[in-house]
Amino acid sequence: MKLMNNFRMMALVLCGLGVAAFAACDNDKDNDYTLNFSPEEVEVVAEATSTATVSGGVAPYTVTSSNSEIATATVDGSTITVTGAGEGSATLTITDKNKVSGTISVTVEAAPTLSFDEPEVEVVAGESVEVAVENGTAPYTVESEDEEVATATEEEGTITIVGVAAGTTTITVTDDDEISGTISVTVE
């Protein structure tokens, strides 16, 4: 009987060791994977955002940028939001709960701007000058930084600037896609 009890005890111990070994191996498998990203490379315009998703790994995820002057990022669940900060390239490193990490390449391009046939104009007070918008999507809106120096109107892509009094100001033109450009104005 004593032999039978020893045999049962040994069987229980071996079963317990087997379960512990199996559980330890299972934990090792948690680190036996890679993180996947869609897309793997992100292109974004400065001051704009783009997103990517992470799959694989164990949440929660963290993200760091190799150059926060170029790009920053946040992660919410499996969505990575990338914000362009300045023109250039950066690498985002995404790390999961188990310290498994992967990278996304980010390229940030300069924000588009409107261009004009004359980005700097001089006009005499009481007279006007016309400036053509060279790109962008109509309709355009115009705003003078100082209407006591010059005013501006737009019609069919032509900006008419009227000098009011001597000084300098800036006319900001914005297209239908919220892309802007400026015209420097000197009134004599």
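Taken together, THR103, THR113, THR137 contain a single residue that is polar (S, T, N, Q), part of a strand (DSSP E or B) and either surrounded by fewer than 16 Cβ atoms within 10 Å (Cβ to Cβ) or at pLDDT 95 or above (or both), which is THR103. Quick one: would you say ASP96 is of a type in the set (Asp, Glu), within 30 Å of THR34 (Cβ to Cβ) and open to solvent by less than 50 Å² (accessible area, probe 1.4 Å)? Yes: the conditions hold for ASP96.
For the range 161-170, check the following and say yes or no: at least one residue is part of a strand (DSSP E or B), within 30 Å of GLU40 (Cβ to Cβ) and open to solvent by less than 50 Å² (accessible area, probe 1.4 Å). Explain how you work it out, then say what you get.
So the first thing to find is which residues in the range 161-170 are part of a strand (DSSP E or B), and the list is 161-163, 167-170.
Then keep just the ones that are within 30 Å of GLU40 (Cβ to Cβ); that gives none.
No, the range 161-170 contains no residue that is part of a strand (DSSP E or B), within 30 Å of GLU40 (Cβ to Cβ) and open to solvent by less than 50 Å² (accessible area, probe 1.4 Å).
Checking each residue of the range 65-72 against the condition of being buried (at least 19 other Cβ atoms within 10 Å of the Cβ) and on the phi > 0 side of the Ramachandran plot gives no match.
The values are calculated or read from the model by the stated rules, or taken from the named source; none is laboratory data. Please read these numbers as outputs of a predicted model, since none were measured by experiment. When we count neighbours, we look across all protein chains shown, and the Cβ atoms used for this are built from the backbone with ideal geometry, even at glycine. Ligands, DNA and RNA are excluded from the accessible area calculation, which covers all protein heavy atoms including side chains. Shrake-Rupley method; radii C 1.70, N 1.55, O 1.52, S 1.80 Å.
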